[in-house]
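**Student:** Structure provided below as structure tokens; questions to follow.
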Amino acid sequence: MTLKPIKTEEDYNQVLERLSQIFDAKPNTKEGDELEILGILVEKYENENFPIELPDPIEAIKFRMEQLNYSQNDLAEVIGLKSRASEILNKKRKLSLEMIRKLSEKLHIPTEVLIQAY
């Protein structure tokens, strides 16, 4: 396959087909190098044409709480008062900068997710 930038959906589909053919190529071989380069081209095309939006901050908190098996009381320990945790989860109170820092540190939620408007 001739390597070139992916500009159209047809180009994209051709590259995906080629990737499926050489998927198991060994590193440091001709096909392995082609696999790596095509992967980079696909990633660039997908980032430009199929961007993934960041999740809603409160939904991200709820999701992470579920993953960690956290209760509202556990969240209250991270951000302060139990009533404040309830207000946050019900979108009645905005996250403060200090809350964002604590949530990011304790729950490992990226700050770029938490700082979004909701």
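The values are calculated or read from the model by the stated rules, or taken from the named source; none is laboratory data. Quick caveat: nothing in here was measured; it's all calculated off a predicted structure. As a convention, Cβ positions derive from the backbone with ideal geometry for all residues, glycine included, and neighbour counts pool all protein chains shown.
**Student:** Which one of Glu46, Glu59 is at pLDDT 95 or above and closer than 30 Å to Ser20 by Cα?
**Tutor:** Being at pLDDT 95 or above and closer than 30 Å to Ser20 by Cα holds for just one of Glu46, Glu59, which is Glu46.
**Student:** Does any residue of the range 75-94 turn out to be charged (D, E, K, R), within 23 Å of the chain's Cα centre (by Cα) and assigned to a loop (DSSP other than H, G, I, E, B)?
**Tutor:** Yes, there is a match, as at least one residue in the range 75-94 is charged (D, E, K, R), within 23 Å of the chain's Cα centre (by Cα) and assigned to a loop (DSSP other than H, G, I, E, B).
**Student:** Identify the residue in the range 103-114 that is surrounded by fewer than 17 Cβ atoms within 10 Å (Cβ to Cβ) and assigned to a helix (DSSP H, G or I) and, among all such residues, is nearest to the chain's Cα centre (by Cα).
**Tutor:** Of everything passing the filter in the range 103-114, Glu112 is nearest to the chain's Cα centre (by Cα).
**Student:** Any residue at all in the range 40-60 that's assigned to a helix (DSSP H, G or I), over 30 Å from Ile115 (Cβ atoms) and not aliphatic (A, V, I, L, M)?
**Tutor:** Looking for residues that are assigned to a helix (DSSP H, G or I), over 30 Å from Ile115 (Cβ atoms) and not aliphatic (A, V, I, L, M), one finds none in the range 40-60, hence no.
**Student:** Might you let me know whether the range 102-113 holds any residue that is more than 13 Å from Lys62 (Cα to Cα) and at pLDDT below 95?
**Tutor:** No, the range 102-113 has no match at all.
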